[in-house]
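The values are calculated or read from the model by the stated rules, or taken from the named source; none is laboratory data. What you see is a predicted model; the values in this text were computed from it and never measured. Reconstructed Cβ throughout: ideal geometry from the backbone, glycine too, with neighbour counts over all protein chains shown. Accessible surface is based on the protein model in full, side chains and every heavy atom, while ligands, DNA and RNA are left aside. Shrake-Rupley method; radii C 1.70, N 1.55, O 1.52, S 1.80 Å.
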Amino acid sequence: MHIAVIGAGVVGVTTAWALQQRGHTVSVIEPQPSAGMETSKANAGQRSYGYVYPWASPAMIGKALPWLLSADGPLKMKQPPSLSTLRFLWDTWRYARQPGLFEANKVAMLKLAAFSRECFIDIEQKHPFDFSGGHRGLMELASNAKSQQGLRENAALLQRLGIEHQMLEPDEVYAVEPGLARNPPILGALRLKDDGTGDCLQFTRALADVCARQGVNFHYGQSVAEVITEAGKPVALVLTRANEPGAAEQLEADAFVLCAGAASSEVAREFGLKLSLYPVKGYSLTAALTNPDKAPQSTVIDDEFKVVATRLNDRLRVTGFVELADFNRDIPARRLDTLKRATAMRFPGAADLETAEAWTGFRPMTPDGPPAIGKGPSDNLFINTAHGTFGWTLSAGSAQIVGQLVDGEPAAVDLGAFRPDRFG
């Protein structure tokens with residue numbers, strides 16, 4: 001079967017690999033000149049299998065306004081907000097108020113993440129290329145009693161699901177992360193010792209190279225301009241190039257998989273599907289280590305700034321912010337200053353932040369939180385997109401699930417929470 005995968009971020013490339021491994025002929029369509037150039041380019045670097053959760057949290061309703069009003073708060077919104085921003089916030093508020101939905105979605109995402117970890121290990125064993133990654137764990141700090149109680153509640157859920165974790169006292173935290181500053185003090189941390197790290201861009205490009213060598217055809221620099229249908233089913237794509245609008249190319253396929261990240265809702269309309277997602281903006285700094293002994297060993301999440309610091313071999317990746325600004329790609333200096341202050345507070349002297357490479361990207365977020373994974377309106381259209389902040393984490397698992405669906409096999413996890421048609 002010839003399958004067209006739309007999108008060459010980490011989700012699209014892992015999907016192409018999974019389908020090729022199953023014996024399918026695969027073509028990948030990507031507007032960028034190479035793989036991993038959008039959301040996958042400089043994300044947090046964490047594969048947080050035990051630290052996934054839905055966006056639409058009841059707790060966020062009370063936190064949103066204080067975060068917006070705080071200069072260093074993790075939530076930002078462009079003023080005045082656009083209609084699409086207001087619609088996304090309204091939908092999020094509705095989902096967050098549905099009793100039990102947050103808990104059910106979180107359980108579903110954690111189960112998918114656990115499966116994704118197995119799939120990543122399989123890829124790494126088959127293709128041991130370097131992507132500055134490992135499985136040295138993730139740690140979320142607690143600086144006050146409220147944060148500590150939140151970690152205990154999360155630990156209780158992990159215990160119920162059989163996900164290995166540790167609640168650490170301060171001395172244990174410093175033993176795991178000796179570079180962590182002793183001041184300001186912490187009360188403890190939740191550690192997920194089997195969680196992973198890695199440079200998502202390096203991984204995506206390396207796996208894309210593997211796919212290309214094994215026969216996957218990548219159509220870089222091309223976008224989907226039109227979907228050709230017969231008897232209500234897609235049969236071909238009309239592809240165009242941004243610099244050659246008149247040079248259209250038709251690509252026929254037996255099945256199609258939508259993995260277009262933040263552009264997915266626009267492409268989905270061409271297939272007759274409504275996908276509700278929003279480009280949630282985030283920022284990162286990637287800096288060379290100046291003192292490895294003062295740097296994190298793996299991933300550390302600061303509870304005060306909500307900033308993530310991840311070690312990528314001899315580099316430090318620092319990420320933060322949830323910003324609602326549509327597709328605005330500006331990088332205000334004040335956002336980077338907050339990332340620098342948070343890093344200097346927890347890991348002073350670890351990296352050269354003044355020469356760090358700044359980046360911003362858009363996480364494709366559904367208003368309720370879980371990604372959209374499953375069949376589309378026709379039986380030869382499959383959806384694998386809108387993973388929000390956890391695309392790197394969930395990509396390998398959701399890719400294998402798409403392969404199972406394409407081949408008519410039962411999915412490895414219950415897909416009820418991920419139905420693409422849940423938005424109407």
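Looking at the chain as a GNM with Cα springs under 10 Å, which of ARG346, ARG241, ARG317 has the largest mean-square fluctuation?
Highest fluctuation among the options: ARG241.
How much accessible area per residue does the range 151-193 have, counting only protein heavy atoms and a probe of 1.4 Å, in square angstrom? Intermediate results must be reported in sequence, preceding the final value.
Numbers: 2320 Å² over 43 residues.
Roughly 54 Å² per residue, with all protein chains present.
In debye to the nearest 20, how big a dipole does the chain give about its Cα centre with +1 on each Lys and Arg Cβ and -1 on each Asp and Glu Cβ?
Working: 42 positive and 46 negative charges, 196 e Å.
Roughly 940 debye for the chain.
Amide H of VAL280: which non-local residues (sequence gap of 5 or more, or other chain) have their own amide H closer than 5 Å, using H built in the peptide plane?
ARG363, MET365
Counting other Cβ atoms within 10 Å of each Cβ, which GluC sites (Glu not before Pro) in the range 226-283 have at most 11 and sit in a DSSP loop?
On the way: sites: GLU226, GLU230, GLU249, GLU252, GLU266, GLU270; in loops: none.
Of the GluC sites (Glu not before Pro), not one in the loops of the range 226-283 has a Cβ with at most 11 other Cβ atoms within 10 Å.
Can you pull the percent of the range 1-124's accessible area that's carbon plus sulfur, 1.4 Å probe, other chains left in place?
In the range 1-124, the share of accessible area belonging to carbon and sulfur is 62 percent.
With N denoting the number of residues in the range 234-356, provide Rg(C-alpha) divided by 2.2 N^0.38 Å, to two decimal places.
Values: Rg = 20.4 Å, N = 123, 2.2 N^0.38 = 13.7 Å.
Here the answer is 1.49, to two decimals.
For the chain, with a Gaussian network of springs between Cα atoms less than 10 Å apart, report the residue from ALA231, ALA35, ALA288 with the top mean-square fluctuation.
The residue with the greatest mean-square fluctuation here is ALA231.
Please compute the per residue accessible area over the range 10-88 with all protein chains in place, 1.4 Å probe, rounded to a whole number of Å². Working shown, then result.
Numbers: 3160 Å² over 79 residues.
In whole numbers, the range 10-88 has 40 Å² accessible per residue.
Quick one: accessible area per residue over the range 319-424, 1.4 Å probe, rounded to a whole number of Å²? It would help to have the intermediate numbers written out before the result.
Details: 3580 Å² over 106 residues.
Each residue of the range 319-424 exposes 34 Å² on average to a 1.4 Å probe.
Of all accessible surface on the range 195-332 at a 1.4 Å probe, what whole percent is carbon and sulfur?
Details: 2440 of 5500 Å².
Heavy-atom surface of the range 195-332 belonging to carbon and sulfur, 1.4 Å probe: 44 percent.
Using the Cα gyration tensor of the range 1-46, with a ≥ b ≥ c the square roots of its eigenvalues, what is the shape: rounded (a/c below 1.5), prolate (a/b larger than b/c) or oblate (neither)? Each step should come with its number before you reach the end.
On the way: a/c = 3.88, a/b = 1.74, b/c = 2.23.
Because a/c hits 1.5 or more and a/b fails to exceed b/c, the range 1-46 counts as oblate.
Tell me, what % of the accessible area of the range 342-424 is carbon and sulfur with a 1.4 angstrom probe?
Working: 1210 of 2480 Å².
Taking all protein chains in place, the range 342-424 shows 49 percent carbon and sulfur surface.
Indicate, rounded to the nearest 5 percent, the antiparallel portion of the DSSP beta bridges found entirely in the chain.
Values: 52 of 74 bridges.
Once the DSSP bridges in the chain are tallied, antiparallel ones form about 70 percent.
Please name whichever of ILE373, ALA333, ALA358 sits farthest to the positive end of the charge dipole of the range 333-373, dipole taken about the Cα centre and charges placed at Cβ: Lys and Arg +1, Asp and Glu -1.
The residue sitting most towards the positive pole is ALA333.
Under 8 Å for C-alpha pairs, at least 6 residues apart: give me the relative contact order for the chain, rounded to a whole percent. Don't skip to the answer; put the middle values down first.
Numbers: 963 pairs, mean separation 111.6, N = 424.
Contact order relative to length: 26 percent.
Kindly provide the Kirkwood hydrodynamic radius of the range 89-152 in Å, to one decimal, from all pairs of distinct alpha carbon atoms.
Working: mean 1/r = 0.0649 Å⁻¹.
By the Kirkwood definition, the hydrodynamic radius is 15.4 Å.
Provide the per-residue ³J(HN,Hα) series for the range 275-292, in order, calculated from phi with Karplus coefficients 6.51, -1.76, 1.60 and θ = phi - 60°, each as a whole number of Hz, with x at glycine and proline positions.
Here the 3J(HN,Hα) series is 10, 9, 8, 9, x, 6, 7, x, 10, 8, 10, 10, 10, 6, 6, 9, 9, x Hz.
Rounded, prolate or oblate: which fits the range 273-424, taking a ≥ b ≥ c as square roots of the Cα gyration tensor eigenvalues, rounded meaning a/c under 1.5, else prolate when a/b beats b/c?
Numbers: a/c = 3.15, a/b = 2.02, b/c = 1.56.
Here the range 273-424 falls in the prolate category.
Say we join alpha carbon atoms closer than 10 Å with springs in a Gaussian network model of the chain; which of PHE88, PHE256, PHE390 then has the biggest fluctuation?
Evaluated over the chain, the most mobile residue of the options is PHE88.
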